[in-house]
Structures are given as structure tokens and as C-alpha cells.
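Written below as C-alpha cells is the structure these notes are about.
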Amino acid sequence: MPEGSEIRRAADKLEAAIKGEPLTNVWFAFPQLQPYQTQLIGQRVTHIATRGKALLTHFSGGLTLYSHNQLYGVWRVVDAGVEPQSNRVLRVRLQTASKAILLYSASDIDILTAEQVANHPFLLRVGPDVLDMTLTAEQVKARLLSAKFRNRQFSGLLLDQAFLAGLGNYLRVEILWQVGLSGKRKAAELSDSQLDALAHALLDIPRLSYRTRGLVDDNKHHGALFRFKVFHRDGERCERCGGIIEKTTLSSRPFYWCPRMPALSRLAGDFSMKRVIRHKKRASRRVFYDPDSEINA
């Protein structure tokens, strides 16, 4: 399942395709949504928001398309009028004069009023979004120490959208490696410096992934662009200590780690992800993924 940074990049691409343009064709597969088809013609998509792994497509008339694609949903951007050949089942088509965005295979789709958005069960359940730039490390630290979360192992906590929305397995693995913590640790056991480092990593690494994953720039200094340090790298050497990265299972998900992780006290002073993510984009950066390929969201 894609994680919050992939969902936000998908939303960016969908916005770039149709935002602000009058809708010329609207189609929904589900009968309960079809009465909205005519109503939405001529309206514009004002913006597409994300809450963790849910997309909220806001229309100028005040309605919102809620979609959560879970394991199988996928968005595609195509030229207006194009009907791609696909084995997937089309669920939603939003088309302007030049482009269309298509949602395939998803089952959790609804049209909501503003009041319904505010009271949607999933949206009420999820925690603050790690890509919400108003969310601070101090707020995350307080959340870690709250009665609800302080005694939960990180292996499960970092997968729980009620704690922080937008985290997932690869982010869980990379965050814990970055701060030198085992998935079996709990916030209640950590020192203040460990909590500070973890709180920053919980924001900095997802935001770095959102901004730079899939991008390469040979002129960037080491670590300035997101890449996996341990995820899917079992059997390779840990770049920090030279130990061998291992794979196990924690909270029913694959987990990658280095058994020789150094103590966090030696890392806290060097933790500089906040500085890294502020680096400006350079013209030499190139993309090695296809931005017009299928968008998992």
C-alpha cells in the first residue's frame, strides 16, 4: 500500500491535470453516486487534499469526493476522451476539456458535504498528518508521551494511522534506523534526547520522501535526497556501522534493521534531516520514474 508521501505526490499530479478547469464529463460507477454526475458538470476542482492515505477532491460547489484506495485502487491521468485499455475496473472519471483523471479498482468512494467530511468516521479516527507543515516536532513529542501511545511498541505504533496519518512500513523502518531505535522500544522508555530525535524524524523523513523520493542529483551532498537505507536491503552492509542488515517480521509486516545500531546518544547531535529537507531543487536533478504512469493513491 502506498504511504502518505506517495499519496500526496499523486494528489499533486491530479491537481496539475485538472485543477481550476470546468468539468465537462463526470462519471461514477456506483449507482448511489450517479445522481451527482450532472450536478458536478461545469464545476471546478479547487484543490485535492490528503489525510494520510485518503484523498479529498474538493469541488467549487462545496461537495467533496472522498476516496481511499486501500490495496488496489489506482489513479491515472490521461488526455480528455481517452479510454485506456485496462484489466482494472473504472470507478470514477473527472474530465476537463484537455485532461481526465481516472480512478480504478477502489471501493471506498463517496461524495460528501462539508459537514459530512468533518464527521467522516475514517477522518475522525486518523491522527495529524505528517505532511501537514503546521505540525511541529514538539506536538509529535507530546503525542508520543500521551497516555494513549506512550506504552505501545514502535513496531505497531508507527503503522497506526490514529497516531500519525501518512506513515507506513517503509517509513517505519527508515525512521527507526535513522534514530537508532528497535521496533520493540516504547516512548515511555526513552530519554528526552531520544524523544526529540524521534519526534523530528517522524516529520523530517516523510517530508523528505515526499519532496525527493525517485529523484537523483549527483551534485547533492550525501543524504540530501531520500533513498532507502535499510528497507529491502537485507543482506547488505549498514552504511552507518558496517553491520549486516537483517529482515524479520514485526506487527505482521516485514521489518528491516541493523542489529549493530549504535546508541542514539551518538546520533542525536548529528541528526540533521531538518536542514537537509530545506535544500532547494537544482536544475540538474532528473526524474527516473514516469510521472504519467499509474498513480497509486
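Among the residues of the range 150-162, which ones are assigned to a loop (DSSP other than H, G, I, E, B), polar (S, T, N, Q) and surrounded by 14 or more Cβ atoms within 10 Å (Cβ to Cβ)?
Result: GLN161, single match.
Out of ALA165, ALA201, which single residue is under 18 Å from MET133 (Cα atoms) and within 13 Å of the chain's Cα centre (by Cα)? Break it down into steps so the answer makes sense when it comes.
Numbers: ALA201 fails: within 13 Å of the chain's Cα centre (by Cα).
Of ALA165, ALA201, the one residue that is under 18 Å from MET133 (Cα atoms) and within 13 Å of the chain's Cα centre (by Cα) is ALA165.
Out of (1) in contact with a helix residue (DSSP H, G or I) (Cβ under 9 Å, 6 or more places away or on another chain); (2) surrounded by 14 or more Cβ atoms within 10 Å (Cβ to Cβ); (3) free of Cβ contacts under 8 Å to residues at least 40 places away in the same chain, the odd one out for ALA106 is which?
(1) is the only condition that ALA106 fails.
Among the residues of the range 66-81 satisfying the criterion of being farther than 20 Å from GLU3 by Cβ and touching a Leu at 6+ places or on another chain (Cβ under 9 Å), which is surrounded by the most Cβ atoms within 10 Å (Cβ to Cβ)?
Within the range 66-81, the first condition is being farther than 20 Å from GLU3 by Cβ, and the residues that meet it are 77-81.
From the residues that got through so far, the ones that are touching a Leu at 6+ places or on another chain (Cβ under 9 Å) too are 77-78.
Values: VAL77: 20, VAL78: 16.
This residue is VAL77.
Give me the residue from the range 201-252 that is surrounded by fewer than 21 Cβ atoms within 10 Å (Cβ to Cβ) and acidic (Asp, Glu) and, out of that set, modelled with the lowest pLDDT.
ASP218
Does ALA10 satisfy the criteria of being at pLDDT 95 or above, outside any loop (DSSP other than H, G, I, E, B) and out of contact with any helix residue (DSSP H, G or I) (no Cβ under 8 Å at 6 or more places or on another chain)?
So ALA10 fails the test.
Has the range 135-144 got any residue that is crowded, with 16+ Cβ neighbours inside 10 Å, of a type in the set (Asp, Glu) and in contact (Cβ under 8 Å) with a residue 40 or more places away in the chain?
Scanning the range 135-144, I find no residue that is crowded, with 16+ Cβ neighbours inside 10 Å, of a type in the set (Asp, Glu) and in contact (Cβ under 8 Å) with a residue 40 or more places away in the chain, so the answer is no.
Return the residue satisfying two criteria in turn: it lies in the range 13-41 and is hydrophobic (A, V, I, L, M, F, W, C) and part of a helix (DSSP H, G or I), and of such residues it is nearest to ARG91 (Cα to Cα).
Step one: list which residues in the range 13-41 are hydrophobic (A, V, I, L, M, F, W, C), which gives 14, 16-18, 23, 26-30, 33, 40-41.
Subsequent filtering for residues that are part of a helix (DSSP H, G or I) retains 14, 16-18, 33, 40.
Working: LEU14: 16, ALA16: 21, ALA17: 18, ILE18: 18, LEU33: 10, LEU40: 16 Å.
Here the residue is LEU33.
If ALA188 satisfies every condition in (1) surrounded by fewer than 19 Cβ atoms within 10 Å (Cβ to Cβ); (2) of a type in the set (A, V, I, L, M); (3) under 19 Å from the mean Cα position of the chain (by Cα); (4) assigned to a helix (DSSP H, G or I) but one, which is the exception?
Unmet condition: (3).
Out of the residues in the range 98-133 that are among the polar types (S, T, N, Q) and either at pLDDT below 95 or within 16 Å of the chain's Cα centre (by Cα) (or both), state the one that is nearest to LEU158 (Cα to Cα).
Ranking the candidates gives SER107 first.
Can you tell me which condition VAL179 does not meet? The list is (1) in contact with a helix residue (DSSP H, G or I) (Cβ under 9 Å, 6 or more places away or on another chain); (2) over 20 Å from PHE231 (Cβ atoms), and all the others hold.
All conditions are met except number (2).
In the range 165-185, which residue that is part of a loop (DSSP other than H, G, I, E, B) and basic (Lys, Arg) is surrounded by the fewest Cβ atoms within 10 Å (Cβ to Cβ)?
LYS184
Here are VAL130, VAL92: which of them is under 27 Å from GLY20 (Cα atoms), among the β-branched types (Val, Ile, Thr) and in contact with a Phe, Trp or Tyr (Cβ under 7 Å, 6 or more places away or on another chain)?
From the options VAL130, VAL92, the qualifying one is VAL92.
If we keep just the residues of the range 253-266 that are out of contact with any Lys or Arg (no Cβ under 9 Å at 6 or more places or on another chain) and either surrounded by 15 or more Cβ atoms within 10 Å (Cβ to Cβ) or assigned to a loop (DSSP other than H, G, I, E, B) (or both), which is modelled with the highest pLDDT? Let's see the steps before the verdict.
Step one: filter the range 253-266 for residues out of contact with any Lys or Arg (no Cβ under 9 Å at 6 or more places or on another chain), giving 259, 263-266.
Narrowing the set further to residues that are either surrounded by 15 or more Cβ atoms within 10 Å (Cβ to Cβ) or assigned to a loop (DSSP other than H, G, I, E, B) (or both) leaves 259, 263-264.
Working: PRO259: 78, ALA263: 41, LEU264: 35.
Once the filter is applied, the top-ranked residue is PRO259.
Identify, please: which residue in the range 46-65 is free of Cβ contacts under 8 Å to residues at least 40 places away in the same chain and not small (Gly, Ala, Ser) and is, among those, surrounded by the fewest Cβ atoms within 10 Å (Cβ to Cβ)?
Looking at the filtered set, the residue picked out is HIS47.
The values are calculated or read from the model by the stated rules, or taken from the named source; none is laboratory data. Because the structure is predicted, anything quoted here is derived from the model rather than measured. All Cβ positions, even for glycine, are placed from backbone atoms using ideal geometry, and neighbour counts span all protein chains on display.
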